[in-house]
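Asker: So that we are looking at the same thing, I have put the structure below in structure tokens.
The values are calculated or read from the model by the stated rules, or taken from the named source; none is laboratory data. If you're wondering where the values come from, they're calculated on a predicted model, not measured in any experiment. Cβ atoms come from the backbone with ideal geometry, glycine included; neighbour counts cover every protein chain shown.
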């Protein structure tokens, strides 16, 4: 019934399938999966001697931000090229249909699971913040009280940031968007200087701040602007060099800035650490971008369902891994693998049975897509 009402009310915005343009880059699905695995590793208990490396994986969220900004900016620019306009209303509907159903389902699951398992309790005072996409502000004030719903803070940051993008592209194809992205960098590093001066905690106060994270969205937009009319073909050894250097710089930035620590650090360390993470994310993106390697379909599918993987993984880690008292390295690895397997299974079921109807509806308001869903219907 709800689907029928939406289709009827929004029929003037619907596009014919023959009019949809395709922009599919499978290597970015692989990069999206890589970003999730980085976050998953960061959220597991630390293995001895691998603490810094595993902790650096948390910056996979920054890679998510850069990648999603690149895709959204590129798709909107292609929409303007194809239709001579950016349909802001249709864009907002696409965002709602892609993000909101699973987001609000996760909130409901978090509350329900917390009733059954008290150690996963979600504080009632956090619910309004979650519902209004302000959980990052809640975490900055109250700390990590959201239990399995902790990862939703990044979706709040995304929704806050993406409200402005379609209007900028609609009224000025590229110049204003470029200026908007460039302005994000002084805002981000100005906030880092202020946080260092006020002795804020790197995690969570600095980490969940929307302006600090805006630098990664800005980098994704600038990459989209650059590659919108340019190619990118480099040798395999150059790609391996970018990926290796990006991984090393990511860990070095984590060590230099203590970005996920709780003890206040200096403004200079914060700025250096975040700059190194930014540089690393750009290098990792360039290492994957326009890769001609044949990627197994299973990995591409996992990249496609990475939103569900990201939302569900903390439930299984908290239930299976963190409830075991002092597990051995072998037990910890086994529990991590079981948690990952259950996360993949749950995300796959969620994608097929819950998300796909909304994705089909989303395609009715799509002019340029990177999703293969339309092709298989």
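Asker: When only residues in the stretch 219-260 that are under 23 Å from the mean Cα position of the chain (by Cα) and in a loop (DSSP other than H, G, I, E, B) count, which is farthest from residue 73 (Cα to Cα)?
Answerer: Among those residues, the one meeting the criterion is 258.
Asker: Let me ask you something else. Considering the stretch 208-218 alone, what residues qualify as being over 14 Å from the mean Cα position of the chain (by Cα) and assigned to a loop (DSSP other than H, G, I, E, B)?
Answerer: Answer for the stretch 208-218, where residues must be over 14 Å from the mean Cα position of the chain (by Cα) and assigned to a loop (DSSP other than H, G, I, E, B): just 209.
Asker: Still on this model: So residue 342 fits all but one of (1) surrounded by 15 or more Cβ atoms within 10 Å (Cβ to Cβ); (2) over 20 Å from the mean Cα position of the chain (by Cα); (3) over 17 Å from residue 301 (Cα atoms); what number is the exception?
Answerer: Result: residue 342 fails condition (3) only.
Asker: Could you tell me whether the stretch 78-87 includes any residue that is in contact (Cβ under 8 Å) with a residue 24 or more places away in the chain, in a helix (DSSP H, G or I) and over 22 Å from residue 218 (Cβ atoms)?
Answerer: To start, the set of residues in the stretch 78-87 that are in contact (Cβ under 8 Å) with a residue 24 or more places away in the chain comprises 78-80, 82-83, 85-87.
With the extra rule that they be in a helix (DSSP H, G or I), the set shrinks to 78-80, 82-83.
This time we only want the ones that are over 22 Å from residue 218 (Cβ atoms), so: 82-83.
Yes, because at least one residue in the stretch 78-87 is in contact (Cβ under 8 Å) with a residue 24 or more places away in the chain, in a helix (DSSP H, G or I) and over 22 Å from residue 218 (Cβ atoms).
Asker: Kindly indicate which of 140, 148, 106 is farther than 28 Å from residue 363 by Cα, touching a residue at least 12 places away in the same chain (Cβ under 8 Å) and surrounded by 20 or more Cβ atoms within 10 Å (Cβ to Cβ).
Answerer: Working: 140 fails: surrounded by 20 or more Cβ atoms within 10 Å (Cβ to Cβ); 106 fails: farther than 28 Å from residue 363 by Cα.
Criteria check complete, one pass: 148.
Asker: Return the total of residues in the stretch 262-294 being surrounded by fewer than 16 Cβ atoms within 10 Å (Cβ to Cβ) and either in contact (Cβ under 8 Å) with a residue 60 or more places away in the chain or under 21 Å from the mean Cα position of the chain (by Cα) (or both).
Answerer: Residues of the stretch 262-294 that are surrounded by fewer than 16 Cβ atoms within 10 Å (Cβ to Cβ), as a first pass: 262-263, 266, 268, 290, 292-294.
From the residues that got through so far, the ones that are either in contact (Cβ under 8 Å) with a residue 60 or more places away in the chain or under 21 Å from the mean Cα position of the chain (by Cα) (or both) too are 262-263, 266, 268, 290, 293.
Going through the stretch 262-294 one residue at a time, the tally reaches 6.
Asker: Still on this structure, please answer the following. Residues that are at pLDDT 90 or above: which helices (runs of 4 or more DSSP H) entirely in the stretch 126-196 hold 1 or more of them? It would help to see each step written out before you state the result.
Answerer: Details: elements: 127-131, 135-142, 152-162, 165-171.
Counting at least 1 such residues, we get 127-131, 135-142, 152-162.
Asker: Moving on to the next point. For the stretch 310-326, state whether one or more residues are closer than 20 Å to residue 66 by Cβ, surrounded by 20 or more Cβ atoms within 10 Å (Cβ to Cβ), out of contact with any strand residue (DSSP E or B) (no Cβ under 9 Å at 6 or more places or on another chain) and modelled with pLDDT of 95 or more. Please lay out each step first, then the result.
Answerer: Just the residues of the stretch 310-326 that are closer than 20 Å to residue 66 by Cβ, to begin with: 310-311.
Still in the running and surrounded by 20 or more Cβ atoms within 10 Å (Cβ to Cβ): 310-311.
Those left that are additionally out of contact with any strand residue (DSSP E or B) (no Cβ under 9 Å at 6 or more places or on another chain): 310-311.
Retained after the next criterion (residues that are modelled with pLDDT of 95 or more): 310-311.
Yes: one or more hits.
Asker: Look through 47, 36, 70, 133 and report the one residue that is touching a residue at least 12 places away in the same chain (Cβ under 8 Å) and on the phi > 0 side of the Ramachandran plot. Outline the logic, then answer.
Answerer: On the way: 47 fails: on the phi > 0 side of the Ramachandran plot; 36 fails: on the phi > 0 side of the Ramachandran plot; 70 fails: on the phi > 0 side of the Ramachandran plot.
Answer to the check: 133.
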